[in-house]
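This report concerns only the one structure given below.
The values are calculated or read from the model by the stated rules, or taken from the named source; none is laboratory data. Given the structure is predicted, the values throughout are model-derived calculations rather than measurements. Ideal geometry is used to build each Cβ from the backbone, glycine not excepted, and the neighbour counts take in all protein chains shown.
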Amino acid sequence: MFDDSALRRRTLLAALAGAAAVPLLGGRAQAASPKVYIDPGHGGTDPGAVGNGLQEKALTLDISLQLRTILQANWAVDVRMSRTTDITRSLAYRTDDANAWGANLFVSVHINSGGGTGFESYRYPTADAATVNLHNAVHPKVLAAMRSVGSVTDRGPKTANFHVLRETTMPAVLTENLFIDTLADANLLKRADFITAIARGHADGIATYLGLGSPNPPTFSVIVDNATAGRFTASTNWGTSAYSSQRYGADYRFATPTPASDAAWFKVDIPAAGNYRIEVRHPADPGYSSAAPHVVVTSAGNQTVNVDQRSNGGVWRSLGTFPLAAGDRNLLAVSRWTNATGYVVADAVRVTRV
Ligand SMILES: [Zn+2]
């Protein structure tokens, strides 16, 4: 629902259009991060449009908070929001705050009403070329993201004399993300994956406009301790100790060297094929092994790395980066089969996608 009937002249626009900040392009050394202003429509005493058990103010906040998370997780951007909770903000506050902050772009997130269906978005009628570029980047990205989940009508990019488009001094767009009072649209807006898709589409459009490049690959890092339920197995030949204060967690496991593997296994669920850094932690002691065999099950076969467990205790030690297949399996073994004297120790492993 758009929320503006004033027809004040956009007096600042003409004066500032020529001096408006050009978006900072990625790759420029020393360049400050682009400043992205997100405006979740309505809030507090103003619910916005309501229908089918939904309130516009809650949906716009949910989308906007996810949009901020996606932007910050994938690109070097500064993000500011007109609100991050269910509070009342005037239209003047929203544009004054963005202008004072010096935002490089402004995106206002709304939900439509009035009995139509589909997605539409707006810029100011006489907006400059940078605003047109922003609009042309955001509109198709949001539409494509929505259509990855469900069927959505494209009502097209439009122009309108809305306060937040008129009184902002940087490129600004306003999105109307389906109709809250149309049942088919509301049913999509009730789906968590659809809300996330809307946020993802806004993020993709903003990144495209700013020239930020591809998003970071998904991050993944997990720690498996010898006490992690269902993820560690060792025979009864392995003792349990809390002797060293350098241990990870409550305790660790140890065994004497012997000419048989009798390995202790750490099981890890790898989310996708790729390269992963594998680190281990162990307490150190002069009585521990100078060459404890660690066997990594890689997609190119098993690889063994010997670890001197007499020193460097209580810190994460990298075994290296390895290609791993996707899937949940025993990934790392600590073997007893070594000529070195001293206990071999199994305490914790950390696997991180790189
Ligand atoms: Zn609205």
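At a glance:
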item	result
Flag for R317 being among the basic types (K, R) and in contact (Cβ under 8 Å) with a residue 60 or more places away in the chain	no
Leading residue by the ranking (surrounded by the fewest Cβ atoms within 10 Å (Cβ to Cβ)) among those in the range 96-114 that are polar (S, T, N, Q) and within 16 Å of the ligand (Cβ to nearest atom)	S113
Of the criteria (1) assigned to a helix (DSSP H, G or I); (2) within 16 Å of the ligand (Cβ to nearest atom); (3) surrounded by fewer than 21 Cβ atoms within 10 Å (Cβ to Cβ), which one T196 fails	(2)
Subset of the range 288-313 (residues that are touching a strand residue (DSSP E or B) at 6+ places or on another chain (Cβ under 7 Å), exposed (fewer than 15 other Cβ atoms within 10 Å of the Cβ) and outside any strand (DSSP E or B))	S299, A300
The listed residue being more than 16 Å from the ligand (Cβ to nearest atom) and either buried (at least 18 other Cβ atoms within 10 Å of the Cβ) or of a type outside the set (V, I, T) (or both), out of R89, R80	R80
Single match in L67, L71 (criterion: within 16 Å of I206 (Cα to Cα) and either at pLDDT 95 or above or small (G, A, S) (or both))	L67
Tally, over the range 35-62, of residues that are more than 25 Å from the chain's Cα centre (by Cα) and among the β-branched types (V, I, T)	2
Elements of type strands (runs of 3 or more DSSP E) in the range 26-124, at least 2 residues being more than 20 Å from V138 (Cβ to Cβ) and in contact (Cβ under 8 Å) with a residue 40 or more places away in the chain	none
Odd one out for G320 among (1) on the phi > 0 side of the Ramachandran plot; (2) outside any strand (DSSP E or B)	(2)
Among (1) more than 16 Å from the ligand (Cβ to nearest atom); (2) touching a strand residue (DSSP E or B) at 6+ places or on another chain (Cβ under 6 Å); (3) among the aromatic types (F, W, Y), the one test that W75 misses	(2)
Residue count for the range 169-193, restricted to those that are more than 13 Å from S121 (Cα to Cα) and either within 16 Å of the ligand (Cβ to nearest atom) or within 24 Å of the chain's Cα centre (by Cα) (or both)	11
Residue match in the range 147-165 (condition: under 30 Å from A76 (Cβ atoms), hydrophobic (A, V, I, L, M, F, W, C), in the same structural domain as V77 (by TED's automatic domain parsing) and surrounded by fewer than 18 Cβ atoms within 10 Å (Cβ to Cβ))	yes
Answer from A127, A49, A137, A58 - the residue that is within 16 Å of the ligand (Cβ to nearest atom), touching a helix residue (DSSP H, G or I) at 6+ places or on another chain (Cβ under 8 Å) and at pLDDT 95 or above	A49
Matching residues, the range 137-155, being under 14 Å from A207 (Cβ atoms) and of a type outside the set (G, A, S)	V138, P140, K141, V142
Residue list for the range 69-86, filter: out of contact with any Lys or Arg (no Cβ under 9 Å at 6 or more places or on another chain), closer than 23 Å to L178 by Cα and not hydroxyl-bearing (S, T, Y)	L71
